[in-house]
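Working notes for the structure below.
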Amino acid sequence: MTATTVRFATDDEIERWDALIETNPDGGIMTGARAMAAIKRYDRLEPRFLVVEGAETVYALAHEGTVWLGRYWYVPLGPTCADLEGMVAAIRAFGRQQRGLLAIKVEPHLLRTPELIARMAATGAVRSRDMQLLTHTVVLDLTRGDELIMDFQKKLRSSIRGAETKGYRIERIEAHDATEADMERFYELLKTINGGKGVAAMREYAYYRLFWTEFAKTRNGRFYFGYDDDSGEAQAAIFVTLAGRTAVYKDGGSRPTRSIAGGAALLLWRAMQDAAADGKAAFDLCGTPRPELMDDTTHWYHGVGQFKKKFGPVVSYLPSFDVVLRPLRHVLWERAVRRIEWRLKPGTDALR
């Protein structure tokens, strides 16, 4: 059996990173893209490009944060491979070689089952809370082509076709061609969610601008604006990432008043068709409430979740697990130091 090891990526591999993550067992997704390395620096996290080599080779992007008692790494939606035991053992061995590293948080991008959770727990990794919005989400199979629309709820299909018939106009802009004005008007539409309050996870314009710009640099982003009249004012907009073989509906917003119903759904359907034409295998709608909370009207993401589930069933991926490297220091930080440190200097969310 091939022993699994971990190493840092070479400069050449980092240069080709987005092409390499497509060779991962899960085909790669937005969270592992090179653009995320620059984006997470905004939150004072430094990228660590890792290569897990064994029966399968996995290119995994980790983000490093620093706290008073040391450092930690977080690998969002990764590393993903069949040999979970070998991966955790290799991550643990490599992590122990890194000075001052307390723990490595991993979350293989595999569908959640009791068996896989038990396997992860058996490695000694400690289960954490769900970190990513994409842990519970709707994922659509783009290899079905135009037949995919038949999987949508009947009323949604009717809305999409009605919007097409009534002349709902779609403007597609590649992110690398977008202007500052395009990004500003997109952000204004984001703020219209939830009666103009936005959503709890919404951030300041500077963060979104950085996100869109970094995916523009690697030509892995695309804006869509939808118009239901001749005013020139967009009624809805979405932003889609194209890194890896799974396209992701990252951001979206729409004005509550509309002349043509179904425009937002039509935008997504058009984005799916375009992603399929680009050779993408799947389209992730980027998060819903947990399945058991989908009908909880008090949930902060309730309305968005109700819209997304019209496209397909909600699926759940493995939760996060902490591979603890220095137990005593990690426990001290978790139980005592963290509360004091973050009261004085708020930290990132990766070890909460």
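If R0 equals 41 Å, the separation of the Cβ atoms of A261 and I14 corresponds to a calculated FRET efficiency of about 0.35.
With the biggest extent put first, the Cα atoms of segment 54-170 measure 62, 32, 25 Å across the principal axes.
Quarter the surface of the alpha carbon convex hull of segment 115-195 and you get the mean projected area, 10.5 square nanometres. Using a Gaussian network model of the chain in which every pair of alpha carbons under 10 angstrom is joined by a spring, one finds that among G287, G78, G232 the greatest mean-square fluctuation is at G232. In plain terms, the bigger the Kirkwood radius, the slower the diffusion; for segment 136-315, with that radius from Cα pairs, at 20 °C and 1.002 mPa s, Stokes-Einstein puts D at 130 µm²/s. Local charge for G162 was computed over the other residues whose Cβ lies under 14 Å away, with Lys and Arg +1 and Asp and Glu -1, and equals +4. The long axis of helix 154-165 is offset from the longest Cα principal axis of the chain by roughly 50 degrees.
Report the FRET efficiency, 1/(1 + (r/R0)^6), for R329 and L133, where r is their Cβ-Cβ distance and R0 is 45 Å, rounded to 0.05.
0.90
The calculated FRET efficiency for M202 paired with A118, based on their beta-carbon distance and R0 = 30 Å, is about 0.25.
Please list 139-149, 241-251, 81-91 highest first by mean number of surrounding beta-carbon atoms within 10 Å per residue. Each step should come with its number before you reach the end.
Values: 139-149: 15.4, 241-251: 24.6, 81-91: 20.2.
With the highest mean Cβ count within 10 Å placed first, the list reads 241-251, 81-91, 139-149.
Here segment 219-352 is treated as a Stokes sphere of Kirkwood radius computed over C-alpha pairs; at 20 °C and 1.002 mPa s its diffusion coefficient rounds to 118 µm²/s. Restricted to Cα atoms, segment 195-288 shows a radius of gyration and a Dmax of 13.8, 37 angstrom.
I need S320, S128, S259 ordered by Cβ neighbour count within 10 Å, fewest first. Please report the intermediate quantities before stating the final value.
Details: S320 24, S128 18, S259 14.
In order of increasing Cβ crowding within 10 Å: S259, S128, S320.
Across the chain, the relative contact order, built from alpha-carbon pairs under 8 Å that are at least six residues apart, equals 24 percent. Based on Cα contacts under 8 Å between residues 6+ apart, segment 138-241 shows a relative contact order of 29 percent.
The numbers here are math on the coordinates, done by the rules we state, and not lab data. The structure displayed is predicted, hence computed values, not measured ones. Counting neighbours? That spans all protein chains shown, and the Cβs are built from the backbone with ideal geometry, glycine included.
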